[in-house]
Amino acid sequence: MWQQHLENIDSYIWMGYAVCLMIWLIKDRVVNSFLVSISVVVIVNGIMFLGAPYLFNISDSIELSRFIWYFTFALIDILAVILLLKIHKFFHIKLDKNGLGIAAIFILLMILQFVRYVDRQILGTDLLGDVYKFGIPLINIFTLLFLTCTVSTYKASKA
């Protein structure tokens, strides 16, 4: 039951990210730090959203499935930060506070994946079950609200 609700939330959040990107592209056609950041969010979250169903059933071994699940998402999160920084460097764009915020969110998500894996698989305590189950969607909802507010109030400099 929870899996279905979380999948529905993930799809709505990803659509919200895409809508924010479309609004931003209509509003401001300048390649800047925010455009790069929101584009990375849309692409990476699309990959995660589309990949999640495959990761659920990748192995019959619970231990292997958990390892693949948590480390795949942690790897994607860290690759998102690297991609964000590399694109900024490639286009010679200074990383602004919004880009730093997005990078921090990806790092937070990565840490949460690692900590949850250790809690669940290595320690076997499951103390962070609810933190993980509700934390990831809440972080994504917060990110969507952050992007929505930024899209509606951001004043890009035409440098």
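For this structure, a couple of remarks:
- The number of residues in the stretch 29-71 being buried (at least 18 other Cβ atoms within 10 Å of the Cβ), closer than 19 Å to W14 by Cα and hydroxyl-bearing (S, T, Y) comes to 2.
- Inside the stretch 94-125, residues that are out of contact with any Ser or Thr (no Cβ under 6 Å at 6 or more places or on another chain) and in a helix (DSSP H, G or I) make up a count of 21.
- Conditions (1) at pLDDT below 95; (2) small (G, A, S); (3) surrounded by 14 or more Cβ atoms within 10 Å (Cβ to Cβ): number failed by A103: (1)
The values are calculated or read from the model by the stated rules, or taken from the named source; none is laboratory data. This structure is a prediction, so every number in the text was calculated from the model and none was measured. Note that we place each Cβ from the backbone using ideal geometry, even for glycine, and neighbour counts take in every protein chain shown.
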